[in-house]
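The values are calculated or read from the model by the stated rules, or taken from the named source; none is laboratory data. Nothing here was measured: the structure is a model prediction, and the numbers come from that model. FYI the Cβ positions are ideal-geometry reconstructions off the backbone, even for glycines, and counts take in every protein chain you see. Surface areas here come from the heavy atoms of the whole protein model, side chains and all, with no ligands, DNA or RNA. Shrake-Rupley method; radii C 1.70, N 1.55, O 1.52, S 1.80 Å.
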Amino acid sequence: MRMAGNETRAVFFDIDGTIWNRENEIPPSTAAAVAALKRRGHLVLLCSGRTRGYIRAPELLSLDFDGIISGCGTMLEFGGETLFYHRIPTPLLERTLNTVRSFGFRPILEGREYLYFDEAEFGGDPYGEKLRAELGARLKTICGSWGAWEVSKLSCDMRGADRSGCFAAIAADFDPIVHNDSVVELVPKGFDKGDGILRFCARLGLDPARTVAFGDSYNDLGMFAAAGTSVAMGNGVEGAKRAADYVTTALMEDGVWNACRALELI
């Protein structure tokens, strides 16, 4: 698949499963591809389900992205400036917490500065340990910060929970993105990664048809629909591969580099 001419593009990358793996390892070829894209004059941006409070790793930010869409489109940054941020109103968040817990969900609140979870719900959980290791002081408790949260989306562990009942109860305010039997993202109505790309393009006067999006998961489907060209990683879920214009090799098999070369972006 070839792209027309040498036009400058805005190239958006998901993080987990696209830029790095579960151990937060970034292939040297991916770093080389990002640098080559920038040399060619393309805008290189992150577009992640992670909120900004969880996008802090030096090894990731050292790739020098031009901007970041975080929290499934709830925050936009470009050139170090915040262009847009949606904060969930505290009364809605309180109601939502009480609701999801009543159905057996274990919530994690995600904001631009902090993430919040309660030890009583995640003690000994591997994901809880990962959050503690990566976030340090940026990880707070939900109960200890009650009513003072700054949050733009939620994620929940729903093992053993009443999924259908919970989703029906919050349907007016949140869209669920189910990743597997355990994990769901709860994104405020009107937001997804695709919405983030379109809002970003509108703010900067860019043509969405001249954008490229790389991803691997279900929360990338909105991004794929909004972008002019979509690329699914070889390690991605089948739904992402079916939706993409192009399927590259796996993340750790030089997937980003190979796609950039195949699309003649570098």
Across region 243-253, what is the number of residues that are buried (at least 20 other Cβ atoms within 10 Å of the Cβ), assigned to a loop (DSSP other than H, G, I, E, B) and of a type outside the set (Gly, Ala, Ser)?
1
Could you count how many residues in region 56-69 are out of contact with any Leu (no Cβ under 7 Å at 6 or more places or on another chain) and outside any helix (DSSP H, G or I)?
5
Considering each residue of region 129-143, count those that are open to solvent by less than 70 Å² (accessible area, probe 1.4 Å) and either among the β-branched types (Val, Ile, Thr) or in contact with a strand residue (DSSP E or B) (Cβ under 9 Å, 6 or more places away or on another chain) (or both), and give that number.
6
Is it true that residue 90 is surrounded by fewer than 16 Cβ atoms within 10 Å (Cβ to Cβ) and either in contact with a strand residue (DSSP E or B) (Cβ under 7 Å, 6 or more places away or on another chain) or of a type in the set (Ser, Thr, Tyr) (or both)?
yes
Residues of region 166-180 being touching a helix residue (DSSP H, G or I) at 6+ places or on another chain (Cβ under 9 Å), surrounded by fewer than 23 Cβ atoms within 10 Å (Cβ to Cβ), farther than 16 Å from residue 193 by Cβ and not acidic (Asp, Glu), which ones?
169, 170
Identify, by number, the condition in (1) within 25 Å of residue 40 (Cα to Cα); (2) touching an Asp or Glu at 6+ places or on another chain (Cβ under 7 Å); (3) of a type in the set (A, V, I, L, M, F, W, C); (4) in contact (Cβ under 8 Å) with a residue 24 or more places away in the chain that residue 240 doesn't meet.
(1)
Kindly evaluate residue 133 against the criterion of being within 21 Å of the chain's Cα centre (by Cα) and without any contact (Cβ under 8 Å) to a residue 60 or more places away in the chain.
yes
Output for region 210-235, where each listed residue is of a type outside the set (A, V, I, L, M, F, W, C) and not in a loop (DSSP other than H, G, I, E, B)
210, 211, 215, 218, 219, 220, 222, 229, 230
Being without any contact (Cβ under 8 Å) to a residue 12 or more places away in the chain and of a type outside the set (D, E, K, R) is the filter here, so list the residues in region 14-32 that pass it.
28
Counting only residues that are out of contact with any strand residue (DSSP E or B) (no Cβ under 6 Å at 6 or more places or on another chain) and either outside any helix (DSSP H, G or I) or surrounded by fewer than 18 Cβ atoms within 10 Å (Cβ to Cβ) (or both), region 200-209 contains a total of 6
Which of the residues spanning region 102-128 are within 20 Å of residue 166 (Cα to Cα), touching a residue at least 60 places away in the same chain (Cβ under 8 Å) and acidic (Asp, Glu)?
110
Name the pairs: first residue in region 64-88 and of a type in the set (Asp, Glu), second residue not in a strand (DSSP E or B), Cβ to Cβ under 9 Å, at least 6 apart or on different chains?
64/34; 64/35; 64/38; 66/38; 66/42; 66/79; 77/52
How many residues does region 183-220 contain that are among the hydrophobic types (A, V, I, L, M, F, W, C) and farther than 23 Å from residue 151 by Cα?
8
Which listed residue, of 223, 158, 233, is open to solvent by less than 10 Å² (accessible area, probe 1.4 Å) and free of Cβ contacts under 8 Å to residues at least 60 places away in the same chain:
158
